[in-house]
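Working notes, beginning with the structure itself.
The values are calculated or read from the model by the stated rules, or taken from the named source; none is laboratory data. Note that the coordinates shown come from a computational prediction; the quantities given were computed from them, not determined experimentally. Don't worry about glycine lacking a Cβ; one is built from the backbone with ideal geometry, like all the others, and counts go over all protein chains shown. Surface accessibility is based on the protein's heavy atoms, side chains included, excluding ligands, DNA and RNA. Shrake-Rupley method; radii C 1.70, N 1.55, O 1.52, S 1.80 Å.
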Amino acid sequence: MMRKKILVDENVPLAEEYFGQLGQVQRFSGRRLSAPDVIDAHALIVRSVTQVNAALLNHSAVEFVGTCTIGIDHLDTSWLNGQRIPYTNAPGCNANSVVEYVLTALALLDVNWQGRKVGIVGCGNVGGRVFRRLAALGAEVAGYDPLLPEGSLPVSAPLTSIFESDIVCLHAPLTTTGTHPTRHMISEDLLRRLPHGAVLISAGRGPVICNKTLLSVADVRPDVRWVLDVWEHEPWLDPALLHRAAIGTPHIAGYSYDGKVMGTKMVCEALANYWGQTIALAGESGELAPVATVDVPRMTAAEWQQVRKVMCEAYDLAGDDRRLRELVAQAQQSDDPETHLRRGFDLLRKHYPERREFRHFRWASEHRGDRVETMIRALGFAEPVEVQC
Ligand SMILES: NC(=O)C1=CN([C@@H]2O[C@H](COP(=O)(O)OP(=O)(O)OC[C@H]3O[C@@H](n4cnc5c(N)ncnc54)[C@H](O)[C@@H]3O)[C@@H](O)[C@H]2O)C=CC1
Ligand SMILES: O=C(O)C(=O)[C@H](O)COP(=O)(O)O
């Protein structure tokens with residue numbers, strides 16, 4: 001019997017092991033996929049860089065679309081619905097990875113969140129986890145999410161007050177329709193409200209803030225630490241904006257290896273269900289790790305320094321930032337800076353180091369049962385290894 005053909009983006013890990021159980025896997029490069037490539041495919045498995053719409057699929061045999069990502073702004077869902085082509089994403093697959101990006105960014109900037117006001121825009125799988133985690137770790141957290149039923153957040157606040165917080169985290173999806181579209185929703189007025197020395201972390205989608213506006217505000221607010229993982233015109237970004245950013249990364253907040261593999265598994269399972277087949281899903285279960293709810297006592301400055309060291313050793317976020325800055329510097333020296341930057345941005349993502357989430361790290365504890373240990377455990381690290389002083 002002919003095996004069904006499954007086209008899978010080259011950056012989806014373990015595709016042969018998982019999707020290979022369901023059909024014949026053929027890889028493709030996400031930005032280069034075009035209509036002739038999909039003509040005889042039965043399933044199409046993408047990541048966020050492939051626009052899935054009528055122009056791509058109109059004349060194809062594709063009967064199922066999966067995206068191994070959380071975001072779905074690259075899928076033309078109205079068209080897919082109209083064609084009755086089922087599609088799925090991987091809700092929450094890399095949410096923990098983004099949480100660890102946010103926490104490590106604060107550690108790298110030496111911003112102890114305990115007692116600080118944190119405002120979160122978009123409180124779904126990612127923002128909701130950032131909310132619960134930071135609240136448990138001692139921050140004063142409020143969220144803005146007008147699409148959630150009233151009362152679903154422990155503390156909610158209007159957008160203007162969110163932007164009066166010490167730390168603002170953006171985790172809204174990119175939407176252009178509906179009652180609360182997010183494209184360019186973060187206005188100049190909101191950005192200017194940020195208090196002196198605030199940190200703004202943008203890890204949802206780039207176009208949620210107009211990057212020209214962001215640059216104009218960043219130019220006059222050098223006191224604000226801008227942490228930018230997403231950019232309005234990826235794979236291009238404005239070097240001037242990166243220059244203003246305290247941390248700048250190539251859209252990798254969700255790029256833990258664990259999060260990516262979870263994305264593969266979730267979509268593969270959905271395809272197996274659709275085709276009425278069963279598959280073996282080796283490794284960790286498809287369940288998302290629970291969020292720790294331990295209340296962590298206030299740490300001293302010295303204790304915080306120990307905690308931030310452990311986090312920065314587990315996740316080399318400084319390296320992510322450095323590699324992007326090196327790329328931009330090289331691009332500016334090249335004959336065609338824009339092309340160099342676009343290609344390089346994608347290559348940084350394609351060859352991203354294998355980053356494991358905190359739960360895979362054991363750390364050395366000198367003082368069992370102290371506040372440092374409580375905090376590190378609450379951050380999700382594995383059991384400590386006791387060190388004899
Ligand atoms: N930087 C990265 O690597 C990653 C980025 N993302 C992005 O983060 C987004 C959020 O991810 P999840 O939390 O898992 O999605 P989700 O769908 O679980 O939650 C999104 C939340 O945003 C809310 N929302 C929608 N419009 C809003 C508005 N105008 N103002 C405030 N809130 C609004 C929704 O009500 C929902 O609760 C994804 O759509 C994706 O674009 C996700 C994973 C990794
Ligand atoms: O899951 C999402 O949504 C994300 O933003 C992903 O981390 C994006 O990764 P790629 O699909 O662009 O590789």
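Residues in the stretch 220-228: is at least one under 19 Å from Leu14 (Cα atoms), open to solvent by less than 30 Å² (accessible area, probe 1.4 Å) and at pLDDT 95 or above?
Here is the first cut: in the stretch 220-228, the residues under 19 Å from Leu14 (Cα atoms) are none.
For the stretch 220-228, residues under 19 Å from Leu14 (Cα atoms), open to solvent by less than 30 Å² (accessible area, probe 1.4 Å) and at pLDDT 95 or above: absent.
Answer with yes or no whether Pro207 is under 26 Å from Glu164 (Cβ atoms) and within 12 Å of ligand 1 (Cβ to nearest atom).
On the way: under 26 Å from Glu164 (Cβ atoms): yes; within 12 Å of ligand 1 (Cβ to nearest atom): yes.
Yes.
Hey, Lys5 hits all of (1) open to solvent by 50 Å² or more (accessible area, probe 1.4 Å); (2) of a type in the set (Lys, Arg); (3) in contact with an Asp or Glu (Cβ under 9 Å, 6 or more places away or on another chain) but one; which does it fall short on?
For Lys5, the exception is condition (1).
Select from the stretch 51-69 the residues that are part of a loop (DSSP other than H, G, I, E, B) and within 11 Å of ligand 2 (Cβ to nearest atom) and list them in ascending order. Outline the logic, then answer.
First, pick out the residues of the stretch 51-69 that are part of a loop (DSSP other than H, G, I, E, B): 51, 53, 58-63, 68-69.
Across the stretch 51-69, the qualifying residues are Cys68, Thr69.
Pairs under 8 Å by beta carbon, first residue of a type in the set (Asp, Glu) in the stretch 263-277, partner not in a helix (DSSP H, G or I), six or more apart or different chains?
From residues that are of a type in the set (Asp, Glu), the pairs are Glu269/Ile279; Glu269/Leu281; Glu269/Gly286.
Kindly evaluate Lys265 against the criterion of being within 27 Å of Gly92 (Cα to Cα) and either modelled with pLDDT under 95 or more than 14 Å from ligand 1 (Cβ to nearest atom) (or both).
For Lys265, the condition - within 27 Å of Gly92 (Cα to Cα) and either modelled with pLDDT under 95 or more than 14 Å from ligand 1 (Cβ to nearest atom) (or both) - is met.
Among Ala41, Ala90, which is the only one that is of a type outside the set (S, T, N, Q), touching a Cys at 6+ places or on another chain (Cβ under 7 Å) and at pLDDT 95 or above? Talk me through it step by step, then tell me what you get.
Details: Ala41 fails: touching a Cys at 6+ places or on another chain (Cβ under 7 Å).
The match here is Ala90.
Restricting to the stretch 70-87, name every residue that is within 17 Å of Ile6 (Cα to Cα) and either assigned to a loop (DSSP other than H, G, I, E, B) or within 13 Å of ligand 2 (Cβ to nearest atom) (or both). Break it down stepwise before answering.
Just the residues of the stretch 70-87 that are within 17 Å of Ile6 (Cα to Cα), to begin with: 85-87.
Correct list: Ile85, Pro86.
Going by the structure shown, is Gly254 in a helix (DSSP H, G or I), within 14 Å of ligand 2 (Cβ to nearest atom) and modelled with pLDDT of 95 or more? Give the derivation first.
Numbers: in a helix (DSSP H, G or I): no; within 14 Å of ligand 2 (Cβ to nearest atom): yes; modelled with pLDDT of 95 or more: yes.
Against the criterion (in a helix (DSSP H, G or I), within 14 Å of ligand 2 (Cβ to nearest atom) and modelled with pLDDT of 95 or more), Gly254 does not qualify.
Kindly provide the set of residues from the stretch 233-251 that are open to solvent by 30 Å² or more (accessible area, probe 1.4 Å) and either part of a loop (DSSP other than H, G, I, E, B) or in the same structural domain as Arg349 (by TED's automatic domain parsing) (or both), ordered by number.
Keep residues of the stretch 233-251 that are open to solvent by 30 Å² or more (accessible area, probe 1.4 Å), which gives 233-234, 236, 238-240, 243-244, 246.
Result: His233, Glu234, Trp236, Asp238, Ala246.
With the condition kept exactly as written, say whether any residue in the stretch 364-381 is open to solvent by less than 80 Å² (accessible area, probe 1.4 Å), farther than 16 Å from Val49 by Cα and touching a Lys or Arg at 6+ places or on another chain (Cβ under 6 Å).
The first filter runs over the stretch 364-381 and keeps only residues open to solvent by less than 80 Å² (accessible area, probe 1.4 Å), leaving 364-365, 369-370, 372-376, 378-381.
If we keep only those that are farther than 16 Å from Val49 by Cα too, we end up with 364-365, 369-370, 372-376, 378-381.
When the remaining residues are screened for being touching a Lys or Arg at 6+ places or on another chain (Cβ under 6 Å), the result is 380.
Taking every residue of the stretch 364-381 in turn, at least one turns out to be open to solvent by less than 80 Å² (accessible area, probe 1.4 Å), farther than 16 Å from Val49 by Cα and touching a Lys or Arg at 6+ places or on another chain (Cβ under 6 Å).
Restricted to the stretch 157-173, and to residues that are within 11 Å of ligand 1 (Cβ to nearest atom) and buried (at least 19 other Cβ atoms within 10 Å of the Cβ), which residue is farthest from Val102 (Cα to Cα)?
The selected residue is Ile162.
Please tell me if Ile186 is under 19 Å from the mean Cα position of the chain (by Cα), assigned by TED's automatic domain parsing to the domain that holds Tyr144, closer than 22 Å to Arg342 by Cβ and of a type outside the set (Lys, Arg). Please lay out each step first, then the result.
Values: under 19 Å from the mean Cα position of the chain (by Cα): yes; assigned by TED's automatic domain parsing to the domain that holds Tyr144: yes; closer than 22 Å to Arg342 by Cβ: no; of a type outside the set (Lys, Arg): yes.
Judged against the criteria, Ile186 is not a match.
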